[in-house]
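These notes concern the structure reproduced below.
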Amino acid sequence: MTQSAAVVPYAEPRRIEVVSLWQDAFAHATGHIDASLAIDKKVDAADGLFFMARKGSAVVGTIPAGYDGH
C-alpha cells in the first residue's frame, strides 16, 4: 500500500528540508530567489497559511497560501 502525504502546518525545525526542496524545484531560477528569505517573510506574515506535505518523515511539498513575501 502506498502511503499518502499528510498536509501539516510549516514547522521551523523543517526549514532545511524546505529550503532543499525549493532549491531542487527551482534549480532553473536565475538566482533571485532566496528560499530562506522567502520563508522568513511568509512566517513573519503570521497568517497561518504556510503548510508542508509530508510523506512519512520527509517533506515532499509546500503550500504557501496568501501573501508569500513577493
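The values are calculated or read from the model by the stated rules, or taken from the named source; none is laboratory data. None of the values given here were measured: they were computed from a predicted structure. Every residue, glycine as well, gets a Cβ built from its backbone with ideal geometry; the counts of neighbours run over all protein chains shown. Heavy atoms of the whole protein, side chains included, go into the accessibility calculation; ligands, DNA and RNA do not. Shrake-Rupley method; radii C 1.70, N 1.55, O 1.52, S 1.80 Å.
Note on segment 1-17: residues that are modelled with pLDDT of 95 or more and either within 20 Å of Tyr67 (Cα to Cα) or open to solvent by 70 Å² or more (accessible area, probe 1.4 Å) (or both) amount to 9. Is it true that some residue in segment 18-31 is under 15 Å from Pro64 (Cα atoms), β-branched (Val, Ile, Thr), open to solvent by 60 Å² or more (accessible area, probe 1.4 Å) and not in a helix (DSSP H, G or I)? The answer is no, given that none of the residues of segment 18-31 is under 15 Å from Pro64 (Cα atoms), β-branched (Val, Ile, Thr), open to solvent by 60 Å² or more (accessible area, probe 1.4 Å) and not in a helix (DSSP H, G or I). Contact map, segment 17-36: first residue farther than 19 Å from Lys55 by Cα, second residue among the β-branched types (Val, Ile, Thr) and at pLDDT 85 or above, Cβ cut-off under 8 Å, separation 6 or more or different chains; pairs are Ala35/Val18; Ala35/Val19; Ser36/Val19. Here is a check on your reading of the model: is Asp40 part of a helix (DSSP H, G or I) and at pLDDT below 95? The answer is yes for Asp40.
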